[in-house]
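Undergrad: Mind looking over this structure? Questions follow.
The values are calculated or read from the model by the stated rules, or taken from the named source; none is laboratory data. In this text the structure is predicted, and so the values were computed from the model without any measurement. Because the Cβ atoms are built from the backbone with ideal geometry, glycine has one as well, and the counts that use them run over all protein chains shown.
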Amino acid sequence: MKANPFQTIFARVFPPPGNATNDPRRSQTCECNSAELEIRAIVDEAILPQIGGRVRYRNSWWPAICPQNITLLPGEIVYVVGRYNLTLFVQPAKTFFNSVENPITTIP
């Protein structure tokens with residue numbers, strides 16, 4: 001039986017998972033873990049205190065606000081820490097990593 005040309009082209013462009021290919025796009029590695037990638041976003045429009053702005057998150061643009069009283073400039077990497085409806089709550093990377101390393105603990 002002759003292979004369908006569409007299936008042949010489709011198989012070349014989208015090989016099945018786990019298929020070893022020499023495609024350089026598949027050999028790229030990331031220096032961060034997948035959990036970190038899930039919450040990372042990039043500021044697209046400046047996020048101003050009390051006003052908000054816009055971030056690029058998971059290949060889409062989202063309105064965002066920072067609960068801290070700081071301005072985040074376009075191009076800064078931020079981390080999503082919450083969401084209310086369509087608005088994401090974000091923290092700058094330096095603040096996010098400080099809070100992860102030094103979590104708030106309660107004294108009994």
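Undergrad: Hey, can you tell me all the residues within segment 57-88 that are under 13 Å from the mean Cα position of the chain (by Cα) and surrounded by 15 or more Cβ atoms within 10 Å (Cβ to Cβ)?
TA: Correct list: Y57, W62, E76, I77, V78, Y79, V80, V81, L88.
Undergrad: Hand me the list of strands (runs of 3 or more DSSP E) wholly inside segment 1-104 holding 3 or more residues that are modelled with pLDDT of 85 or more and touching a helix residue (DSSP H, G or I) at 6+ places or on another chain (Cβ under 9 Å). Lay out the reasoning, then the answer.
TA: Details: elements: 40-48, 52-57, 60-65, 77-84, 87-92.
Those strands (runs of 3 or more DSSP E) span 77-84.
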